[in-house]
1. What's the number of the condition Ala153 fails, among (1) in contact (Cβ under 8 Å) with a residue 12 or more places away in the chain; (2) outside the structural domain of Met178 (by TED's automatic domain parsing); (3) surrounded by fewer than 21 Cβ atoms within 10 Å (Cβ to Cβ); (4) not basic (Lys, Arg)?
2. Pairs under 9 Å by beta carbon, first residue within 19 Å of Asp215 (Cα to Cα) in region 101-117, partner surrounded by fewer than 21 Cβ atoms within 10 Å (Cβ to Cβ) and β-branched (Val, Ile, Thr), six or more apart or different chains?
3. Name the residues in region 254-285 that are closer than 19 Å to Glu78 by Cα and not hydrophobic (A, V, I, L, M, F, W, C), would you?
4. Among the candidates Ile168, Ile115, which residue alone is of a type in the set (Val, Ile, Thr) and surrounded by 16 or more Cβ atoms within 10 Å (Cβ to Cβ)?
5. Restricting region 37-85 to residues that are out of contact with any Leu (no Cβ under 7 Å at 6 or more places or on another chain) and of a type in the set (Lys, Arg), which is surrounded by the most Cβ atoms within 10 Å (Cβ to Cβ)?
6. Residue check: is Leu11 of a type in the set (A, V, I, L, M), touching a Lys or Arg at 6+ places or on another chain (Cβ under 6 Å), buried (at least 16 other Cβ atoms within 10 Å of the Cβ) and touching a residue at least 40 places away in the same chain (Cβ under 8 Å)?
7. Would you mind listing the strands (runs of 3 or more DSSP E) fully within region 200-297 where at least 2 residues are touching a Gly at 6+ places or on another chain (Cβ under 6 Å), without any contact (Cβ under 8 Å) to a residue 40 or more places away in the chain and not assigned by TED's automatic domain parsing to the domain that holds Val84?
8. Given the conditions (1) in contact (Cβ under 8 Å) with a residue 12 or more places away in the chain; (2) farther than 16 Å from Gly143 by Cβ, which single one is not true for Tyr179?
Amino acid sequence: MDQSFVKEKILFLINPISGPRHKEHLPEIINELTDSAIFDIEIVITKYKGEATEIVRQKLIENYRYFVAVGGDGTVNEIAKALVNTQAIMGIIPVGSGNGLARHLEIPLQLRKAIQLINNQKYQAIDYGLINNMPFFCTCGVGFDALIGEKFALCKGRGLSNYVRTTILEYFNYKPEMYQITIDNKRKINRPAFLITIANGSQYGNNAYIAPHADISDGKLDMCILSPFKLYEAPGIGIRLFAKNIDKSSLMHSERASNIVLERASEGVVHFDGEPHRMGKRLEISLINKGLNVIVP
C-alpha cells in the first residue's frame, strides 16, 4: 500500500432502541465487514436522545468525514442535521421501524449489503427541509399522522403491527382541522385536512408512499393534502398508499413548492422524520437544495 495513503475516519453511531431488532451483534459485524484498508473505524452506541448530534459536531472538528446512522429515520435526523452544508458524508444502515429515507434512496435493508454500500463510497447530494428551522430529511407534517406519531412514541412495542393498531384506535376520535396554506409566498388556500404531509422523500417508511413521485434532489417539496373522508373510504386510501398511487385519489391534493406556510387554530403536534414534536400555530416550511451528502447505491 502507498505509504502516503491516509485512511478515512468513519464513525458508526448505533441507536440501541431504534426499531424492533436486537443490536448487540452489530459492532462485531460492522468491524468485520467495513473495509479497514479504507477506513479507520470507530463505533459508538448512543445513550440518550440527542447525543448523536453532539458527538457528530465534535467529531467534525476532529476531521472525521464519514458518519453512519445505524437506526431509523429519527437516528438519521439526529446525525444529518449536524452534517448539513458541510463536506462530510453520511451513510445509513437501516435498522429502524420504518426506514423511510433509506427505502427512498434504495439503500439495502439487509445489514451486510448496507455495509458493503458504505465501502463503495459512492454518494450524492440530497435536499433537506426546514420546519420552523428544524431540519427534516424525509417527511414532516400535521394532522392525523402527526397525532399517530405522538401516540406511537408512547407505545411499549415498535413495529408495523403496533402502528396499525394505534391508527385504528385513534381514527374514531380524530377531528380534522382547518388550515390556511401559503404557497411560495404567493397563493393562499383555506381548507380542512385530515392530514398535510410535506415530503422530501417519497414515503413515510414501510413502503407507505405518501408522495410517490417525490424527487429528493429536485429543489422542491411535495405538499400532500388529504381531505377528510368517510370510514368506508379508509381501506382504499390504505391500499393506495402501499400501491404507490395515493396521488391519484380524489381525496388527495398534491403540488410542489419551495416554501410553504401552514397556519392552524392552535398549537399542537407535528411530525418530522417519524418523530413527534410540539410546535406553534404558524409553521414555516422551506427547502435547502442539495445540502447533505449521502451514500447511495
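1. Condition not satisfied by Ala153: (2).
2. Leu105/Val296; Glu106/Val296; Ile107/Val296
3. If the condition is that a residue be closer than 19 Å to Glu78 by Cα and not hydrophobic (A, V, I, L, M, F, W, C), then His271, Asp273, Gly274, Glu275, Pro276, His277, Arg278 are the ones that fit.
4. Just a single option satisfies the conditions, and that option is Ile115.
5. Among residues in region 37-85 that are out of contact with any Leu (no Cβ under 7 Å at 6 or more places or on another chain) and of a type in the set (Lys, Arg), the one surrounded by the most Cβ atoms within 10 Å (Cβ to Cβ) is Lys81.
6. Taking the combined requirement at face value, the residue satisfies it.
7. Here the list is empty.
8. Of everything listed in (1) in contact (Cβ under 8 Å) with a residue 12 or more places away in the chain; (2) farther than 16 Å from Gly143 by Cβ, Tyr179 misses just condition (2).
The values are calculated or read from the model by the stated rules, or taken from the named source; none is laboratory data. Given the structure is predicted, the values throughout are model-derived calculations rather than measurements. Using ideal geometry, Cβ is built from the backbone for each residue, glycine included, and neighbour counts are taken over all protein chains shown.
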